[in-house]
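Q: So that we are looking at the same thing, I have put the structure below in C-alpha cells.
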Amino acid sequence: MREQYEEISQEGFQVIAVAPSNASFISDFLESFGPYPFPIVGDPKRKAYRGMGHHTMPKFKLLSKSLLGFLSGKVKNFIPKDKQQAKVVKKAMTSQDVYIQGGTWIFDEQGNVLWKHIDTSPEKHANINEVIKQVKQAD
C-alpha cells in the first residue's frame with residue numbers, strides 16, 4: 001500500500017492500516033520500517049479484527065508454512081538484515097499476535113463496505129492491482 005498510496009488517494013480514498021499491536025510497538029515498527037504516508041493505528045485487543053471476521057491461524061499451520069517457505073527458498077530474508085528491523089521482527093515474534101490474519105477493506109464515506117478481502121494465510125493478501133481496480137470502480 002505504501003508504494004500505491006498516491007494512486008489510491010488520488011481516487012479520493014484514505015488508507016488507514018490497523019495493526020494488532022499497541023502504540024509502543026507501532027512506534028518501534030515505524031522507527032525501523034517507516035515512514036508511511038498513512039496512519040497505522042493499533043487494535044491490541046483485536047476487537048476490530050474479530051468483529052470484521054478475521055481469524056487467527058493455528059500456530060502449527062503458520063509455523064509449518066513458514067518453515068516450508070524458508071526451506072524451499074520461497075521465503076527469503078525472514079529476518080531482515082538490518083539490525084534495527086531484525087530487532088523489531090524478533091520482538092514481534094515473541095510479543096505480538098503474528099498468527100492473526102489481516103485483510104483489505106474499502107468503505108464509502110458513510111461506512112458501507114464496498115469491497116473486502118480477508119486473508120486466509122500470509123501469502124493470500126489482497127492483490128494491489130485488484131485493490132486499485134476496486135477503488136477506481138467505486139468512483
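Q: Give the calculated FRET efficiency between residue 137 and residue 14 to the nearest 0.05, with a Förster radius of 25 Å applied to their Cβ-Cβ distance.
A: Using R0 = 25 Å, I get an efficiency of 0.90.
Q: While we're here: Take 28, 82, 108, 43 and order them by how many other Cβ atoms sit within 10 Å, fewest up front.
A: The fewest-first ordering by Cβ neighbours comes to 108, 82, 28, 43.
Q: Let me ask something additional. If you stretched the chain out fully between residue 116 and residue 87, how much longer would it get, using 0.36 nm times the residue separation minus the C-alpha to C-alpha distance?
A: Result for the pair: 7.2 nm of gain on full extension.
Q: Shifting gears a bit: Students often get this wrong, so check it: of 91/116; 90/136; 91/136; 91/133, which have C-alpha atoms separated by over 32 Å?
A: Pairs exceeding 32 Å: 90/136; 91/136; 91/133.
Q: Starting from the Cα of residue 6, move 7 Å in the Cα-to-Cβ direction to define the label point; list residues of segment 22-42 whose amide nitrogen is under 15 Å from there.
A: 37-38
Q: Using Stokes-Einstein with the Kirkwood hydrodynamic radius over Cα pairs, what translational diffusion coefficient do you get for segment 5-134 at 37 °C and a viscosity of 0.692 mPa s, in µm²/s rounded to a whole number?
A: After rounding, the answer is 201 µm²/s.
Q: Per residue of the chain, what 222 nm ellipticity follows from adding -39500 (n - 2.57) for every DSSP H run with n ≥ 4, rounded to the nearest 500?
A: -12500 deg cm²/dmol
No lab work stands behind these numbers, since they all come straight from the coordinates. Predicted, not measured: the structure shown is a model, and the values here were computed from it. Virtual Cβ from ideal backbone geometry, glycine too; neighbours counted across all protein chains shown.
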